[in-house]
Structures are given as structure tokens and as C-alpha cells.
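Read-outs: derived from the displayed coordinates by stated rules, not from any lab. Predicted model, so just to flag it, every value in this text is computed and none were measured. Positions of Cβ are generated from backbone atoms using ideal geometry, with glycine treated the same way; all protein chains shown enter the neighbour counts.
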Amino acid sequence: MQKRRLGTTGVEVAPLVIGGNVFGWTADKATSFAILDAFYEAGFNAVDTADVYNRYAPGLQGGESETVIGEWIKDRGVRDSFVVITKGGLPMGEGMEGLGKDYLPRACEASLRRLQIDHIDVYMSHNPDPATPIEETLEAYQRLIDAGKVRHAACSNHDAAQLGAALAASGDGRARYEVVEPHYNLAERSLFEGPLEELCVRENIGVIPYFALAAGFLTGKYRSREDLAGKARESTAAGFFTPRNMALLASLDTVAARHEATPAQVALAWLMARPAVTAPIVSATSLPQLAEILRSVNLQLSAEDLALLEA
């Protein structure tokens, strides 16, 4: 399996990154370990998580995902061959928020402890922080890089103007955002395509989209809001039920039938075929679900397929 370089970094990842958002939440420790084992044994080598996972779930406080991943990495002894991507900056408690010089290093240290590692390969600003000058944030990242605690700085949920400002402020003792994690999939293209995508291509920024399957909508398993009732992704996927997206599901069905594939595999293959995308982030809560997802790597879409999906 050919790996892809994350922008200008020396980090190489397989065509899919496993999303850690479910670990310690809808996937318990044993299930999480089984999923990570299968993912790694299939030749994939990168995980994406965040300190705030899964603070938003009832009864959880954040850090659960990093903790599970850290225990797996230590138990399996795979640190040197596994890329760890995590994020900080979202609220983790009183006085624990933002991308300022005082808090960002503390957030990084907390993530390192939970992950049980001595450095983070790619450390991301989870969201822009309007209360902190970008220069201060990038200086804080550079100090973490100089201390050997972070290899590369990155950002999530930044638009073209925010990323452009960060790139303009880099240098002279300030880190550069080398990787971007946008919300991007077949059903939601406007947040990335256009100025942000063009900037990433021009500046050779690595791109690892999240919500690659639109919170499950692009699997084709949910054909109405009623199908989502009671599901963990109900609130995030419900907004995808529009006339345009229902027509998109029909196109996915057509392309999937051509290749004896599933809609999810087609949606992921489309993302992997996008020139700007390094590797989509995918999540699974069971081994059969993961197996289906991983088969997308071998699916080659034709020009006719791409045209139908993008119409």
C-alpha cells in the first residue's frame, strides 16, 4: 500500500486515517483495541484524536479517546511505526481553553500523558481562537517543536482567510501549519472546495478531512430522519436530508452497483481521488464496519463515475 506524504512534512500516512472520536465512547476499550489492531495489521498507520473527545458525551469528561489510544500504543509497542495526530484548544474545564501561550503547552502536556508518548507527530489547533493573536499561537507551537514535544503544527476547522493569516504569520520563530483537517465529503463540499482547497494545493498543505461519510449519511443506511432516531449521530447527520443529497444517494447507489461496492466505499474512494486530499479520516465501531471501510482503498472510480457523483 503506497503511503502519502502529509504536505511538506516528513510524515507519511496510508490512504486512510482511523478516527479516534468513537474510542472510549461508542466503542469500549476492548472494541477499540480490536479495531486498532485490525487497522494496523492491514497496513494503515495513523490515528486522529483530540483531548476533548469525548467530553460532549453524557458521563464523560474528555481525554477518554487519547487514553485508550495511548494504552493500545504502549501495549502493542507500535509507537515508532504509528502516526499520532491530536488536537487541543477546545474547553476542557475552567481555565482550560484556547490557543494562548499559557494554556496550549499545558494542553499538549496533558495529551502526552494520556497518550503515554514523548512527542505528538501532528498537533492541531482544534478551532480558531479569536481571543489569541495567531502570532502568539504559532510561537507557542514553535516552542513545543523546539522542545521535541511536537513534530508538526496543524489546524482544524479553519477557513481560507484564517489559514492564510496563519501562513503569513509563520517564520521568524513561529511554526507553520503544515496540515489542515476540514469538514469535507460528497454531501458537504462548500466548506473546503474553492479558496481553502486552492490555498492548500498552492502551499502544499496536507489535508485529512473529517466527517468523510457525513456522520453516516453517505453509507446509505439512513434514508430518512426516522432511520436515525436514537442513533449516536442523529443530531449531526439529520441536516444532510435535503433533496440534493437524496439525489446524491441515488448516484452513490448507481456507482456502487457498477463496482459491486457499497455507497460508503464509493464515497471514500471519491475523497481519496481528490488531488488535494492526503487521506480521509474514517471511524468504525465494529470489525465488520472497519472491513467494509478499508476495502475502499482498492476501489478505482472511472471518469464517468466521478462525473455522476459530482453532477
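Couple of notes before you dig in:
- Viscosity 1.306 mPa s, 10 °C: Kirkwood-radius Stokes-Einstein D of segment 93-217 over Cα pairs, µm²/s: 105
- Between 0 and 90°, nearest 10: helix 263-273 axis offset from the chain longest Cα axis: 50
- Amide H to amide H distances under 5 Å link Ala50 with Glu66, Lys87, where only residues 5 or more positions off or on other chains count and H is placed in the peptide plane.
- Beta bridge orientation in the chain: antiparallel %, DSSP, nearest 5: 10
- Above-threshold pairs, the threshold being 24 Å between Cα atoms, out of Lys74/Lys101; Lys3/Lys221; Lys29/Lys87: Lys74/Lys101; Lys3/Lys221
- Positive minus negative residues near Ser190 (Lys, Arg vs Asp, Glu; Cβ under 12 Å): -2
- Each 10 Å bin from 0 upward holds the following percent of the Cα-Cα pairs of segment 1-48: 27, 46, 23, 4.
- Kirkwood hydrodynamic radius of the chain, from the reciprocal of the average inverse Cα-Cα distance over all distinct pairs: 19.7 Å.
- Nearest 10 degrees, 0 to 90: helix 29-41 Cα axis against the chain principal axis: 80
- Rounded Å value of the spacing that divides the Cα centres of segment 13-77 and segment 127-204: 24
- Its alpha carbons give segment 1-157 an Rg and a Dmax of 15.1, 45 Å.
- Counted residue by residue at 0.36 nm each, then reduced by the alpha carbon distance between them, the extension gain from Gln300 to Glu198 reaches 34.3 nm.
- Each Lys or Arg adds one and each Asp or Glu subtracts one; over the other residues with Cβ under 12 Å from the Cβ of Arg76, this totals -3.
- Stretchable slack from Thr285 to Ser81, in nm (0.36 nm times residue separation minus alpha-carbon distance): 71.1 nm
- Here the relative contact order of the chain, from alpha carbon pairs under 8 Å that lie six or more residues apart, stands at 18 percent.
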